[in-house]
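The block underneath contains the structure these notes are about, expressed in structure tokens.
The values are calculated or read from the model by the stated rules, or taken from the named source; none is laboratory data. Fair warning: this is a prediction, and the values are worked out from it, not measured in the lab. We place every Cβ from the backbone using ideal geometry, glycine too, and count neighbours over all the protein chains shown. Remember, those area values only see protein heavy atoms, side chains included, never the ligands or the DNA or RNA. Shrake-Rupley method; radii C 1.70, N 1.55, O 1.52, S 1.80 Å.
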Amino acid sequence: MKQAPTPWTLVQNSWQYTTIYDAEGNIVCRLDLEDWNVTEDNQDELEAVQTQIARRIIDAVNSR
């Protein structure tokens, strides 16, 4: 299995999307708040959770 080169980074593209990229700038995954049943009432909370999850993913991969 081919592995995406490290280090991975994240970009918060908008309130809705956070994208994880490999070292070559290829998209590894994109987190989309629309998939999380976002509403105006929970948007701020979910944005923070989304960022925490993305950071945990890249930290886990980059620490190998």
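Entry comment: accessible area of the chain is 71 Å² per residue, from protein heavy atoms only and a probe of 1.4 Å. When Cα Rg over 2.2 N^0.38 Å is computed from the coordinates, the matching label among (i) 1.79; (ii) 1.48; (iii) 1.18 is (iii). Here the simple spin-label model places points 7 Å from the Cα toward Cβ, and for Cys29 and Val49 these points are separated by 1.5 nm.
In this Cβ point-charge picture (+1 for Lys and Arg, -1 for Asp and Glu), the chain has a dipole of about 560 debye about its Cα centre. Given the options Thr39, Thr18, Thr51, state which has the largest fluctuation in a GNM of the chain using a 10 Å cut-off (strictly under) for Cα springs. Per the Cα network of the chain with a 10 Å cutoff, Thr39 tops the list. When Val38, Val49 are compared by accessible surface with a 1.4 Å probe, the order from highest to lowest is Val49, Val38. In the chain, the portion of solvent-accessible area held by carbon and sulfur atoms comes to 46 percent [1.4 Å probe, whole percent, DNA, RNA and ligands not counted].
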